[in-house]
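Take a look at the structure below.
The values are calculated or read from the model by the stated rules, or taken from the named source; none is laboratory data. Fair warning: this is a prediction, and the values are worked out from it, not measured in the lab. Positions of Cβ are backbone-derived with ideal geometry, glycine not excepted, and every protein chain shown enters the neighbour counts. Areas reflect the complete protein model, heavy atoms only, side chains present, ligands, DNA and RNA absent. Shrake-Rupley method; radii C 1.70, N 1.55, O 1.52, S 1.80 Å.
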Amino acid sequence: MVIAGHWIDSSWKLNKRVLNFFHIPPPRGGPQISDSLLKCARQWEIENKVFTVFVDNASANDAAIKYMKEDFLRINKNLVCGGKLFHVRCCAHILNLIAQDGLSEIRGIVHVIRQSVDFIRRTDARLIQFAEIVKQLKLNEIKLVDDCKTRWNSTYEMLATAIAFKDVFPRFKDREPSYIHCPTEDDWEKLHKVFSILKVFYDATNIISGNEYPTANLFLNEVFRVKVVLDERSCDEEECKMRALEFSFPKLYTSFEAESNIKEVQKLLYVIYKEYSDAVAQKIQGTRTNSESQGSSSRSTQSRDEITSFASGWSEFSSYLNEIEMVQPEKSELDVYLEEGCHRHPSKTFDALGWWKLNTYKFPVLSTMVRDILVIPITTVASEAIFSAGTHVIDKYRASLAPTIVEMLMCGGDWSRKRHGVTKKIKVEKQALTIDLPID
């Protein structure tokens with residue numbers, strides 16, 4: 001099992017590190033997984049700093065989080081909202097499961113197209129013959145794609161290319177008697193229906209995997225797009241503050257459910273904000289009390305340092321601010337933020353962390369809260385494996401290594417790559433095979 005830690009540092013940079021990679025002996029149930037997670041947190045001394053635990057949708061993980069939440073509530077009674085945000089599920093894993101389910105509905109058609117592509121690419125003569133038909137029909141496509149069975153994005157790309165060559169396959173069949181896998185009209189009709197839905201999943205997953213560490217602000221809009229295509233609806237897109245919910249929720253739920261859920265989210269938002277606001281107020285009060293006690297004890301021992309001290313200037317002004325800020329304003333930072341105009345921006349280039357870095361001093365409490373929320377990742381899956389339906393196993397060259405050695409290699413490699421800015425390469429064998437057609 002691999003455990004990774006995510007955090008946003010003081011420079012508003014999103015960080016991720018592999019903390020542990022270890023073997024869990026059987027039985028691998030919820031209690032065993034929970035014990036391993038808690039042991040990891042204690043080893044790193046972060047048991048009082050855990051905000052959420054992010055896992056995929058395996059049933060054992062659900063049980064593990066239940067046990068772990070109980071343990072953490074004993075250790076850290078300050079879990080936000082009593083631990084309501086403690087368990088977060090993997091968005092990419094959910095999208096993958098739905099996409100795989102959709103592909104299973106046309107399993108036979110996918111097999112036919114896969115066999116067709118394999119048959120055509122077997123010999124140069126067949127490729128040339130296929131290319132001649134493409135040229136006669138004046139099609140723009142010049143490549144065939146043979147998919148990798150464990151990666152549904154490559155299957156999607158194969159189907160996309162096949163649809164572009166829809167009129168070529170029957171003509172190729174007329175010229176090649178041994179070709180027996182030509183899709184029928186009924187096959188193409190079913191394929192078009194499923195493909196239009198898969199395209200949204202493909203685009204959404206690409207957005208998720210296109211960011212090295214995608215943040216939680218990308219989540220809602222992609223879920224909304226998936227829901228829209230499943231309901232065969234269309235609409236314009238705009239996302240800003242609470243209006244994102246007002247725009248998206250009516251399309252995700254019935255009118256009554258949408259209104260109820262929006263109120264619930266808003267209520268929860270204020271509850272979370274109050275917890276952070278109270279924590280900041282306590283910190284200011286503690287700092288003030290500490291500084292006053294230090295000041296009273298040092299008055300009798302003033303020395304030459306008093307001459308160079310700025311106690312009469314900025315330090316006194318700071319104390320004044322602390323006193324003023326102890327009084328709650330009529331409007332909270334959250335109220336001010338939500339009442340401001342929307343920040344319109346190109347969604348693909350907007351840097352949420354960069355915006356909050358610039359507005360940290362304007363919203364000191366809210367920015368602290370946002371730092372914890374935006375660090376929640378969308379996916380537990382590595383970007384190069386986000387489409388994969390297969391499992392990750394240690395290859396045969398590492399099968400004889402002791403678990404502790406494997407952990408050192410995995411953790412050491414991850415930390416070294418992050419330190420030196422090295423990106424892990426994607427394995428070539430996992431990609432779809434692209435076949436160039438011999439078109440002059």
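Out of the range 1-18, which residues are open to solvent by less than 60 Å² (accessible area, probe 1.4 Å) and either of a type outside the set (Lys, Arg) or within 13 Å of Val50 (Cβ to Cβ) (or both)? Write out each step before concluding.
At the first step, the residues of the range 1-18 found to be open to solvent by less than 60 Å² (accessible area, probe 1.4 Å) are 3-5, 8-9, 11-12, 14-18.
Selection gives Ile3, Ala4, Gly5, Ile8, Asp9, Ser11, Trp12, Leu14, Asn15, Val18.
Scanning the range 176-207 for residues that are charged (D, E, K, R) and under 23 Å from Phe119 (Cα atoms) yields Glu176, Glu185, Asp186, Asp187, Glu189, Lys190. Go through (1) in contact with a His (Cβ under 6 Å, 6 or more places away or on another chain); (2) acidic (Asp, Glu); (3) within 24 Å of Ile272 (Cβ to Cβ) and name the single condition Asp9 misses. Tallying (1) in contact with a His (Cβ under 6 Å, 6 or more places away or on another chain); (2) acidic (Asp, Glu); (3) within 24 Å of Ile272 (Cβ to Cβ), Asp9 fails exactly one: (1). Applying the criterion of being within 34 Å of the chain's Cα centre (by Cα), charged (D, E, K, R) and closer than 18 Å to Pro170 by Cβ to the residues of the range 107-142, the residue that is most open to solvent (accessible area, probe 1.4 Å) is Glu141.
Per the listing Ile33, Ile46, the residue uniquely assigned to a helix (DSSP H, G or I) and either more than 27 Å from Asn206 (Cβ to Cβ) or open to solvent by 60 Å² or more (accessible area, probe 1.4 Å) (or both) is Ile33. Determine whether the range 61-75 contains at least one residue that is at pLDDT below 85 and either part of a loop (DSSP other than H, G, I, E, B) or of a type in the set (Gly, Ala, Ser) (or both). No: zero hits.
The sole residue among Thr161, Thr150 that is touching a residue at least 60 places away in the same chain (Cβ under 8 Å) and either open to solvent by 20 Å² or more (accessible area, probe 1.4 Å) or not aromatic (Phe, Trp, Tyr) (or both) is Thr150.
Within the range 334-346, being modelled with pLDDT under 80 and not charged (D, E, K, R) holds for Gly341, Cys342, His343, His345, Pro346. Just so you know, in the range 240-265 the residues that are out of contact with any helix residue (DSSP H, G or I) (no Cβ under 7 Å at 6 or more places or on another chain) and surrounded by 14 or more Cβ atoms within 10 Å (Cβ to Cβ) include one that is farthest from Val223 (Cα to Cα), and it is Glu259. For the range 123-137, the condition holds for no residue, the condition being that it is touching a strand residue (DSSP E or B) at 6+ places or on another chain (Cβ under 7 Å) and among the β-branched types (Val, Ile, Thr). Regarding the range 399-422, can at least one residue be identified that is among the β-branched types (Val, Ile, Thr), modelled with pLDDT of 70 or more, over 24 Å from Val55 (Cβ atoms) and part of a loop (DSSP other than H, G, I, E, B)? Checked the range 399-422: at least one residue is among the β-branched types (Val, Ile, Thr), modelled with pLDDT of 70 or more, over 24 Å from Val55 (Cβ atoms) and part of a loop (DSSP other than H, G, I, E, B).
Each row is one residue, and each column tells you yes or no for (1) touching a helix residue (DSSP H, G or I) at 6+ places or on another chain (Cβ under 7 Å); (2) surrounded by 13 or more Cβ atoms within 10 Å (Cβ to Cβ); (3) modelled with pLDDT under 90.
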{"position": "Glu323", "(1), (2), (3)": "no, no, yes"}
{"position": "Lys348", "(1), (2), (3)": "no, no, yes"}
{"position": "Lys357", "(1), (2), (3)": "no, yes, no"}
{"position": "Phe363", "(1), (2), (3)": "yes, yes, no"}
{"position": "Thr368", "(1), (2), (3)": "yes, yes, no"}
{"position": "Leu374", "(1), (2), (3)": "yes, yes, yes"}
{"position": "Ile386", "(1), (2), (3)": "yes, yes, yes"}
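The listed residues are Ala99, Ala63, Ala92, and the only one of them that is open to solvent by 30 Å² or more (accessible area, probe 1.4 Å) and among the small types (Gly, Ala, Ser) turns out to be Ala63. Please name all residue pairs, on different chains or six or more residues apart, with Cβ atoms under 6 Å, provided the first residue is in the range 8-34 and is at positive phi and the second residue is of a type outside the set (A, V, I, L, M) and not in a loop (DSSP other than H, G, I, E, B). From residues that are at positive phi, the pairs are Trp12/Lys357.
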